[in-house]
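One structure below.
Rule-based calculations on the coordinates, nothing more; no lab input. Everything numeric in this text was worked out from a predicted model, so none of it was measured. For neighbour counting, all protein chains shown are included, and Cβ atoms are generated from backbone atoms with ideal geometry for every residue, glycine included.
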Amino acid sequence: MNKQIILLPGDGVGKEIMESAKIVLNTVASEFGHSFAFHQHAIGGDAIDQFGTPLPEDTIKACQQADAILLGAVGGNKWDSLPGHMRPEKGLLGIRKNLGLFANLRPVKGFASLLHASPLKEDVIKGSDILIIRELTGGLYFGKPSERIANGDAVVDTLSYHRSEMERIIEKAFQSARLRNKHLTSVDKANVLESSRLWREIVNEKSKDYPDVKVEHLLVDAAAMKLITQPNSFDVMVTENLFGDILSDEASVLTGSLGMLPSASIRSDGVGLYEPVHGSAPDIAGKGIANPLGMILSVALMLKHSFQLEEEAAQIEDAVNECLEQGYHTPDLHIKNGKLVTTKEMTELVVENLTTKSVSNSICSMYV
Ligand code: IPM
Ligand code: MN
């Protein structure tokens with residue numbers, strides 16, 4: 001397989017973990033006979049510093065021609081005082097909108113060896129395996145007008161959705177639920193918002209096409225509570241852009257390992273942007289101690305969703321899990337009596353597990 005991958009390291013620890021992604025992809029390429037070409041471009045604060053804009057034209061053009069995109073992180077206090085349209089985050093929002101990446105998938109699944117670090121009691125979080133599907137290119141994030149009015153004394157943000165934008169994300173959620181445990185929780189605020197009432201109507205319409213999927217409606221405030229009290233009662237959760245932003249951050253810390261979580265932002269033809277959930281972590285940037293596993297698992301998501309390379313993705317996931325089982329961890333992860341390693345060392349350990357695995361697999365297959 002021959003693929004063009006755009007790399008957008010961005011800010012903070014983004015650059016360091018992108019190196020890990022490249023190393024892992026090169027290993028997968030040589031072990032499985034693929035060819036991945038990398039093209040690196042600027043985004044976020046890094047692009048502001050170099051080109052005076054968080055999303056240069058050249059980056060947009062490159063992404064439009066890509067088979068898939070990997071992003072490190074954007075943002076940092078260095079750019080906090082810039083006006084809204086110039087902030088690093090605008091780069092990320094712009095690329096999502098420009099490429100039509102409407103479906104944001106955020107799997108939240110704990111690793112056995114890290115569950116003890118969860119803020120929840122271990123028996124409450126145990127067994128949780130949630131896929132949060134967040135609408136990513138509509139709602140309050142993009143509605144117009146969004147501005148100060150009345151000489152700056154009042155303000156308006158707009159929550160607007162077209163039926164078709166709701167239909168495509170809800171459809172995606174039903175499809176995902178069908179492939180998992182067939183339980184879909186739709187989250188809205190239908191007791192207050194008109195947009196939520198249309199959302200709920202569409203979920204009910206679509207559920208007729210998926211009689212095998214059990215549907216539950218939850219108001220967003222109740223959903224926020226239930227994530228804490230009964231996280232293992234969820235399978236797939238689908239919601240609009242802002243609710244999804246908040247709930248996915250809430251869910252991500254429950255596993256005790258935010259640094260481990262990957263995410264995918266995709267559209268129907270399979271093109272997608274993949275990034276770890278943890279963000280730019282400016283406090284530890286440049287120290288070589290960032291956890292590369294969220295990025296490496298994002299690479300696995302890319303191989304699965306954009307390139308249909310299920311086996312390769314599964315092997316990366318196994319290799320990561322093995323590192324943790326062997327007790328290796330970066331400073332953000334808490335493993336009792338574990339072995340503390342750097343970004344580079346952790347990446348090498350994943351590569352080591354990956355190569356031993358595919359060697360033993362190919363030996364097996366010689367005897368089939
Ligand atoms: C996320 C982030 C972004 C968002 C920011 C950086 C604009 O919080 O990916 O969840 O709000 O969507
Ligand atoms: Mn967020």
| note | If every Lys and Arg gets +1 and every Asp and Glu gets -1 at its Cβ, then about the Cα centre the stretch 110-260 yields a dipole, in debye to the nearest 20, of 340 debye
| Calculated from backbone phi, Karplus (6.51, -1.76, 1.60) coupling profile of the stretch 137-151 in Hz, x at Gly/Pro | 10, x, x, 4, 5, 10, x, 10, x, 9, 6, 7, 10, 6, 6
| said: With a 10 Å cut-off between alpha carbons and a GNM built on the chain, which of Ala190, Ala222, Ala103 moves the most? | reply: Ala222
| note | Given unit charges at Cβ for Lys, Arg (+) and Asp, Glu (-), the dipole magnitude of the chain about its Cα centre in debye, nearest 20, is 380 debye
| field | Rh by Kirkwood over Cα pairs, then Stokes-Einstein D for the stretch 110-260 at 1.567 mPa s and 4 °C, µm²/s | value | 79 µm²/s
| Do any of Lys61/Lys90; Lys22/Lys357; Lys144/Lys189; Lys3/Lys61; Lys15/Lys121 go past 24 Å between their Cα atoms, and which? | Lys15/Lys121
| Anyone know which of Ile149, Ile296, Ile132 comes out most mobile in the 10 Å Cα GNM of the chain? | Ile149
| query | Lys/Arg Cβ at +1, Asp/Glu Cβ at -1, dipole of the stretch 110-260 taken about the Cα centre: which of Ser233, Pro145, His162 is farthest positive-ward? | reply | Ser233
| Going through the stretch 277-349, which trypsin sites (Lys or Arg not before Pro) have at most 13 other Cβ atoms within 10 Å and a DSSP loop state? | Lys287, Lys336
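Cα convex hull of the stretch 1-68: mean projected area in nm², to one decimal?
Here the figure is 4.4 nm², rounded to one decimal.
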| note | Everything considered on the Cα gyration tensor (a ≥ b ≥ c; rounded for a/c under 1.5, else prolate if a/b is larger than b/c, else oblate), the stretch 200-252 must be described as prolate
| remark: the chain, Gaussian network, Cα under 10 Å: of Ala313, Ala112, Ala154, the residue fluctuating most is Ala154
| field | Scattering curve values for the chain, log₁₀ I(q)/I(0), Debye with Cα scatterers, q = 0.08, 0.11, 0.14, 0.15 Å⁻¹ | value | -0.40, -0.78, -1.28, -1.44
| query | Restricting attention to the stretch 149-213, which trypsin sites (Lys or Arg not before Pro) occupy a DSSP loop and are surrounded by at most 11 other Cβ atoms within 10 Å? | reply | Lys208
